[in-house]
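The values are calculated or read from the model by the stated rules, or taken from the named source; none is laboratory data. Keep in mind it's a predicted model, so treat the numbers as computed, not measured. Here Cβ is always computed from backbone atoms with ideal geometry, including for glycine, and neighbour counts include all displayed protein chains.
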Amino acid sequence: MEESSNGELIFIPWPVMGHVQIVEFANLIVHRQTTISPGTRKLSVTVLLMKLPDYVDTVSGSFMDKLTNDHSPGVSFFHLPPTEAAPEWSSKTRGYFIHNLVLSQRSNVAEFIRSSNAVSVVVDMLCTPMIDVAEEFNLPSYVFFTSPASFLGAMLHFQVLHDEKNQDVCELKNSGSDLQIPSLANPFPPEALPLVLVEKELWLDRFLHYARDYRRAKGIIINTFAELESFALDSFSQDSAYGPSMTSPIFAVGPILNRTPSSDSRSSEIIQWLDEQPPRSVVLVCFGSQGSLHADQVKELAHGLELSGHRFLWALRRQSPNEKLAVFPSEYFSHAEVLPDGFLDRTSGIGKVVGWVPQLDVLSHESVGGFVSHCGWNSVLESVWCGVPIATWPLHAEQQMNAFQVARDLGLGVEIALSYHERCKEGEMVKRFEVERQIRELMDGESEARKRMKKMSEKSRICVMEGGSSYNQLGRLITKFLLN
């Protein structure tokens, strides 16, 4: 039989570091497809890249450049022509800026697809306006969901409440009792609802539309695995949970981790310092590439770390000024300018403060025994993979819901904070004694959270092996791509 012609998958990522797992997913597809149907149609992947201006984010752009130099045969990259950023884009949040950048690229994406051999388009969970572009060419679209299944369920549930039950979901934050969300095992405290669900402008202008678009996709690919989010994934098979129009099949193919080798010169110095520390003695404190705390909260966290007496590695980043909300955090010229007087001298024997860490390498190190985390989903998955329990400290996006699931639904860590937001008011500050208490609990070598995390870590590695749940889901998805 004559070999079928080749097909091209077009991937469209959200252009920040926390969403680059879509590139790792592309590598997985081209590696795996030969075991699905050898000798038949072959799939290649082209990743369309949008680059943020350096004045918005210096991290993501350089990281994307690195990605393009380290990928599998069968995966290629195309840099979309830059579009001129309107001054209004910078007037609100970082997400608002990037959303407008995505909208401005629709004609460039259409031009690329027109000259391609595309069979399907895979869009990031925040790039769903590109589904309209794919439909112009009668191409099926899939959503790559970089957040957990529990948050997908929350978005779809809130969209049903808004569209079908005429409910003002933004008022749920004022509810006098905990909320029942179909994708979460336990009732959820309304004060911890992520702003993207209950802040009117964010919800009505963007996230409500994303949720509607998910229902138009031919499939939703989630970076999670069945053993971690069994409750949330099971909820999608219950017709009453998300309304009759939820027909998009779900593919849980994670954990997909960012394995791009670090080329930062500081990486070897950090690993060398960790080599000198006892096993499971170090607390990693890291709030991600987009996370930061205001100066007073930094000082309170520093006092809490010092009081705990535990060794620590702290990735400390400067918060952008209030008047420049669209600008990502940057590095301090000197950490001494924000830390308490004498802190660096007093902790020089047990602590190290840096501006950046190779997070997966650090979590993999035997000296690391706990992780104070913003609970970005990639960080949660990396911590699970490495078996390191988490102390939750969410900042933005869906992280409050992730923190709830980690600490209360799954019991994989402890709560430093649950309803904290990045730009909280002074009265909502996490106090040093709470930081101290929770870090001591986090680092307890015999805690139930540590034991549960160890078991979940083992499951995370089994699920991607041949015959595992995510391995099988990926095979099912590639077969669907090939049939397209």
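Observations, loosely collected:
- Those residues of region 75-105 which are more than 28 Å from Trp203 (Cβ to Cβ) and among the hydroxyl-bearing types (Ser, Thr, Tyr), in sequence order: Ser76
- Number of the exception - Phe433 against (1) surrounded by 17 or more Cβ atoms within 10 Å (Cβ to Cβ); (2) more than 23 Å from the chain's Cα centre (by Cα): (1)
- Leading residue by the ranking (farthest from Trp14 (Cα to Cα)) among those in region 106-117 that are in contact (Cβ under 8 Å) with a residue 60 or more places away in the chain and over 27 Å from the mean Cα position of the chain (by Cα): Asn117
- Any hit, region 29-43, residues being part of a helix (DSSP H, G or I), at pLDDT 85 or above and either touching a strand residue (DSSP E or B) at 6+ places or on another chain (Cβ under 7 Å) or crowded, with 17+ Cβ neighbours inside 10 Å (or both): yes
- Arg452 assigned by TED's automatic domain parsing to the domain that holds Leu301, free of Cβ contacts under 8 Å to residues at least 24 places away in the same chain and in a helix (DSSP H, G or I): no
- Condition met for Asp345 (among the acidic types (Asp, Glu), in the same structural domain as Glu428 (by TED's automatic domain parsing), assigned to a helix (DSSP H, G or I) and farther than 30 Å from Gly95 by Cβ): yes
- Verdict on Arg317 being under 21 Å from Arg437 (Cβ atoms) and among the charged types (D, E, K, R): no
- Gly370 vs. criteria more than 16 Å from Phe151 (Cβ to Cβ), modelled with pLDDT of 95 or more, small (Gly, Ala, Ser) and outside any helix (DSSP H, G or I): yes
- Selection within region 285-333 - small (Gly, Ala, Ser), in a loop (DSSP other than H, G, I, E, B) and either within 23 Å of the chain's Cα centre (by Cα) or modelled with pLDDT under 95 (or both): Gly288, Ser289, Gly291, Ser292, Ser320, Ala326
- Here is the figure for region 154-197: residues that are surrounded by fewer than 20 Cβ atoms within 10 Å (Cβ to Cβ) and either without any contact (Cβ under 8 Å) to a residue 60 or more places away in the chain or among the charged types (D, E, K, R) (or both) total 22.
- Residue in region 475-484 that is touching a Gly at 6+ places or on another chain (Cβ under 9 Å), part of a helix (DSSP H, G or I) and closer than 26 Å to Ile390 by Cβ present: no
- For Leu156, the requirement of being over 21 Å from Ile478 (Cα atoms) and in a helix (DSSP H, G or I) is met.
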